Structure formats: structure tokens, C-alpha cells
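Written below as C-alpha cells is the structure these notes are about.
The values are calculated or read from the model by the stated rules, or taken from the named source; none is laboratory data. None of these values were measured; they are calculated from a predicted model. With ideal geometry, Cβ positions are generated from the backbone for all residues, glycine too; neighbour counts draw on all protein chains shown. Only protein heavy atoms, including side chains, enter the accessible area calculation; ligands, DNA and RNA are left aside. Shrake-Rupley method; radii C 1.70, N 1.55, O 1.52, S 1.80 Å.
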Amino acid sequence: EIQAAPKMQKRAEIEHVVEEKTKESTLLLREQAKLDMREERRKNLETIREIRIKQALALHQLSLARAESQFKGLSNFIRTKATPSIFWAPKGEFKGKCADQRAETKEALEKEREEVLARLHKFREEEEQADKERQQELEERLAQRK
């Protein structure tokens, strides 16, 4: 019995050391898993952000193309001054007063086209600025967590 006590004590110490190492390794694995999850989330958010930027750019280009085609098609007609506007074309050629009215319509449509394009560009710039601000805010939050 006297010899068994030191052996039991040594065995208990060894078990205690093994338990401590197991706890430490478990904690390290959990921390590593958290870090991996955060990194994966960051990458996913970055991918989503890039996709949104590409979508916004494609939508902007589509809007520009639609505006261009709409105004281009209408410029071959005469617009009435009544509201809502009616676009029409004479049966024959554009002569005299009809040609003047067509020129007025083209000028008015060109002015409207420039206004629409300016609004679209301004909207795009505002979107880009808001996206930059969101990205900066996200980076600040991530920096605070570290």
C-alpha cells in the first residue's frame, strides 16, 4: 500500500496533465474554427460586394442603352406640345413646317436625353460613394473585432 500511493499520485498527476492538454487543444481548435469562419464570412461578403458592384454597373449600362435607344427612335417623329405628348409623322416627306417641327422635337429630345443621362450618371456616382462608405464601415467594424 505504501508503494501504491506514490504510483496512484503520479498517475493522477499524469491524468491531470493530459486533461489540461486536452482542454488547451480543444480551446485552440475552437479558436481556430472561429477564425476560419470569420475569414470565410469575410471572403463571402467580399464576393457578394463584388457581384453587387458588377450588377449595379451592368444595370447602369443597360439604363444608358435603353435611354439612348428610346430617344433615338423618337427623334424621327414630331412631338405635339399637348400633354401627354403624342409623336407622329406626316404621310409623305418632312417639308416646310413639318421639317421645322421635327427639328424642334430633335432638339427637345436631345436636351431631355442629356438630362436623363446626367441623372443616371449622378445616381451611379451616389451608389459608388455609398458603397465605398459601407465598405469603409465594414472594415472599421472588422478592425475593432481584432
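List of remarks:
- Percent accessible area from carbon and sulfur atoms, the chain, protein chains only, probe 1.4 Å: 54
- Reachable lysines, given that their alpha-carbon falls under 30 Å from the alpha-carbon of K106 and they are not under 8 places away in the same chain: K72, K81, K91, K95, K97, K122
- Residue (of L74, V17, A143) at the positive-pole extreme of the chain, dipole from beta-carbon charges: L74
- Summing Cβ point charges (Lys, Arg +1; Asp, Glu -1) relative to the Cα centre of the chain gives a dipole of roughly 640 debye.
- Coil-residue trypsin sites (Lys or Arg not before Pro) of the stretch 58-132, DSSP, other Cβ within 10 Å capped at 12: K81, K91, K95
- Divide the volume of the convex hull around the Cα atoms of the chain by the residue count and you get 142 Å³ per residue.
- Peptides 24-36, 53-65 ranked from most to least packed, by the mean per-residue count of other Cβ atoms within 10 Å: 53-65, 24-36.
- Those lysines that a straight Cα-Cα span of less than 27 Å connects to K21, excepting residues fewer than 8 apart in one chain: K7, K10, K34, K146
- Calculated mean residue ellipticity, 222 nm, the chain: -31000 deg cm²/dmol, from DSSP H runs (n ≥ 4) at -39500 (n - 2.57) each, averaged per residue and rounded to 500.
- Compactness relative to 2.2 N^0.38 Å, alpha carbon Rg of the stretch 78-130: 1.62
- Surface accessible to a 1.4 Å probe, per residue, for the residues of the chain, Å²: 87
- Normalised by the number of residues in the stretch 67-146, the mean separation of alpha-carbon contacts (under 8 Å, six or more apart) gives a relative contact order of 28 percent.
- Only one residue of I51, S85, Q101 has its Cα farthest out toward the positive end of the dipole of the stretch 34-104, where Lys and Arg carry +1 and Asp and Glu -1 on Cβ, and that residue is S85.
- Cleavage-rule hits, chymotrypsin sites (Phe, Trp or Tyr not before Pro), the stretch 55-139, DSSP coil, Cβ neighbours within 10 Å at most 16: F94
- Taking 1.002 mPa s as the viscosity and 20 °C as the temperature, the Stokes-Einstein diffusion coefficient of the stretch 24-97 based on its alpha-carbon Kirkwood radius rounds to 119 µm²/s.
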